[in-house]
Amino acid sequence: MSEADRISKDSLGEVRVPYDAYWGPQTQRAIENFPISGLRLPRRFIRAQGIIKWAAAKANGEVGALERRVADAIMQAADEVIDGKWDSQFVVDVYQAGAGTSQNMNANEVIASRAAELLGGSRGDVTLVHPNDQVNMAQSTNDTIHVAIHIAAAEALVHDLGPALSSAQNVLAQKAEQWMPIVKSGRTHLQDAVPMRLGQEVGGWAGAISYWRSQMGAVLEQLYGIGIGGNAVGTGINAHPQYRARVTEAVAEKTGLGFQQPENMFTFIQNMDAVLATSGWLRGLATAWGKIANDIRLLSSGPRTGLAELILVPVQPGSSIMPGKVNPVMAEMMNMICFQVFGNDLAVQSAVSAGQLELNVMMPVAAYNVLHSIHILHTGVATFERKALLQLDVDVDRVAGYVEMNTALATALNPYLGYDQAAVVAKAAYAEGKTVREVVLERGLMSEADLKVALDLERMTPVE
């Protein structure tokens with residue numbers, strides 16, 4: 001045994017644990033059993049675990065199940081976990097024991113060790129504060145890990161992704177208002193279509209984000225249902241009769257969010273419905289952002305041989321071989337984030353579908369993927385706004401030139417010439433390299449006065 005180790009014991013026997021570690025034997029076994037990816041559950045999840053342990057100690061102290069001084073020490077240690085002081089002590093790989101037992105015990109052991117120190121003992125001294133009997137009192141991995149996903153996801157949506165979406169939507173809405181006077185060529189099937197306003201096009205992007213933001217409330221309502229106190233299968237075995245209500249109130253108090261008991265405790269323990277719904281919403285949101293990123297890439301393509309209607313600010317050189325090339329890197333980044341969210345959703349869907357009887361044991365991988373999606377969408381949207389959307393500009397002359405040469409303007413002639421004759425005009429304009437206006441006048445199909453009214457771009461693109 002290394003001088004830097006200490007001997008700890010669990011139900012399987014003795015385990016060597018690094019002397020300065022706050023974790024104990026069950027965490028150490030997990031480190032040795034699961035050297036898989038080097039990935040850990042994120043800060044939001046660790047914070048959520050601290051909130052649960054804080055709330056449980058508060059509730060158990062209030063009902064007299066925990067000695068007051070022990071409850072206070074656990075709460076103080078849990079507060080330190082909540083604040084991120086001991087993140088380095090949460091060392092279990094994402095791909096770990098089913099249900100997240102190792103993750104739960106990591107939290108129990110770290111908090112027990114730190115609480116023991118606060119009571120005058122040493123880390124790893126379970127005689128002062130026991131990780132199972134006291135930190136994990138009235139709890140099970142089965143309810144705490146599931147609840148931690150809900151808390152972490154809800155806090156990340158409310159405090160991180162939600163504000164990022166609101167800010168980006170506002171930027172798009174401001175651009176839409178600014179560019180509403182600019183008439184441009186619409187495009188369908190990637191072909192020229194009837195005119196529209198640039199502000200209407202960009203307003204469509206803002207509306208898509210608005211739609212998905214409006215759906216976030218329903219997702220949060222599902223996440224706010226937490227089955228803390230359900231324990232192993234939902235019955236609340238070994239918990240004080242008042243524990244369930246008190247611990248739920250304590251979680252709501254600590255987070256400032258509307259957490260409450262679920263309608264059916266057994267449904268909560270058996271299923272991860274809210275997690276699945278959250279992941280599905282994130283997939284939909286990513287789909288909307290992917291479309292916006294694609295549109296910006298197309299409209300800024302060029303600068304000489306593409307559409308080049310929009311102008312992205314250069315943020316880095318675009319090629320290792322072509323001098324002066326600049327690429328739409330922020331939009332490309334946004335696309336890649338969206339693809340990752342799609343993959344994460346499939347992983348969550350697969351994990352949620354693997355529930356059996358009283359429990360779904362695939363919670364850690366579902367937790368990692370849904371929280372990863374929230375995180376990269378949050379940081380991605382914020383970065384995309386800062387580096388691309390805020391400074392997005394328009395080449396007004398290029399836009400106007402496209403509109404004038406657009407053969408789809410012949411659509412406005414349908415009431416005057418009929419569809420078939422208007423089609424002849426459109427084909428002639430394209431074949432002869434002329435505008436629709438020029439062809440109509442050259443062939444004497446309409447008076448100049450009537451044509452001016454028919455091809456009035458302002459009339460064709462009304463603003464509501």
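What follows is calculated from the coordinates using simple rules that are stated; it is not laboratory data. Since this is a predicted model, take the numbers as computed values, not measurements. Quick reminder, even Gly has a Cβ in these numbers, built from the backbone with ideal geometry, and neighbours come from all protein chains shown.
Brief remarks follow.
- Here the chain is treated as a Stokes sphere of Kirkwood radius computed over C-alpha pairs; at 20 °C and 1.002 mPa s its diffusion coefficient rounds to 83 µm²/s.
- Each peptide among 313-323, 89-99 gets the average number of other Cβ atoms lying within 10 Å of its residues, and from highest to lowest they stand as 89-99, 313-323.
- For the chain, calculated [θ]222 nm from helices alone, where every DSSP H run of n ≥ 4 adds -39500 (n - 2.57): -18000 deg cm²/dmol
- Only Cα sites of region 8-137 enter the Debye sum here, all with the same form factor; the resulting log10 I(q)/I(0) across q = 0.22 1/Å is -1.32, listed in q order.
- Cα lying deepest toward the dipole's positive end in the chain, options Thr461, Gln340, Leu451, charges on Cβ: Leu451
- Fraction of antiparallel bridges per DSSP, the chain only, in percent to nearest 5: 95 percent
- Using the Karplus relation 6.51 cos²θ - 1.76 cosθ + 1.60 with θ = phi - 60°, the per-residue 3J(HN,Hα) values for region 102-114 come to 5, 5, 5, 5, 4, 5, 4, 5, 5, 5, 5, 4, 5 Hz, with x marking Gly and Pro.
- Gain in span if fully extended, Met336 to Glu80, counting 0.36 nm per residue against the direct Cα distance: 88.6 nm
- The chain - percent relative contact order, Cα under 8 Å, separation 6 or more: 15 percent
- Relative contact order [Cα under 8 Å, 6+ residues apart], region 8-137, whole percent: 31 percent
- Residues whose amide H lies under 5 Å from that of Arg6, counting only those 5 or more places away or on a different chain, are Val17, Tyr19; hydrogens are built 1.01 Å from N in the peptide plane.
- When you restrict to C-alpha pairs under 8 Å that are six or more residues apart and normalise by the size of region 406-460, the relative contact order lands at 35 percent.
- Whole-number D in µm²/s for region 143-397 (Stokes-Einstein; Kirkwood sum over Cα pairs; 4 °C, 1.567 mPa s): 64 µm²/s
- Given charges at beta-carbon only (K, R positive; D, E negative), |dipole| of the chain in Debye: 340 debye
- Helix 43-62 and the long axis of the chain differ in direction by around 40°, with both axes built from C-alpha atoms.
- Between helix 198-223 and the chain there is an angle of about 20 degrees, using the helix long axis and the longest principal axis of the Cα atoms.
- Taking amide hydrogens as placed 1.01 Å from N in the peptide plane, the amide H of Lys184 sits under 5 Å from those of Met196, Arg197, Leu198, each at least 5 positions away in sequence or on another chain.
- Note that region 90-95 has calculated 3J(HN,Hα) couplings of 9, 10, 7, 5, 4, 8 Hz, one per residue in order, obtained from phi through the Karplus relation 6.51 cos²θ - 1.76 cosθ + 1.60 (θ = phi - 60°); glycine and proline are x.
- The charge dipole of region 143-397, taken about the Cα centre with unit charges on the Cβ atoms of Lys, Arg (+1) and Asp, Glu (-1), comes to about 400 debye, rounded to the nearest 20.
- Value of D in µm² per second that Stokes-Einstein yields for region 406-460, Kirkwood Rh from Cα pairs, at 37 °C (0.692 mPa s): 303 µm²/s
- Cα extents of region 53-123 along the three principal axes, largest first (Å): 37, 24, 20
- Crossing angle, helix 419-432 versus the chain [Cα axis fit, 0-90 degrees, rounded to tens]: 90 degrees
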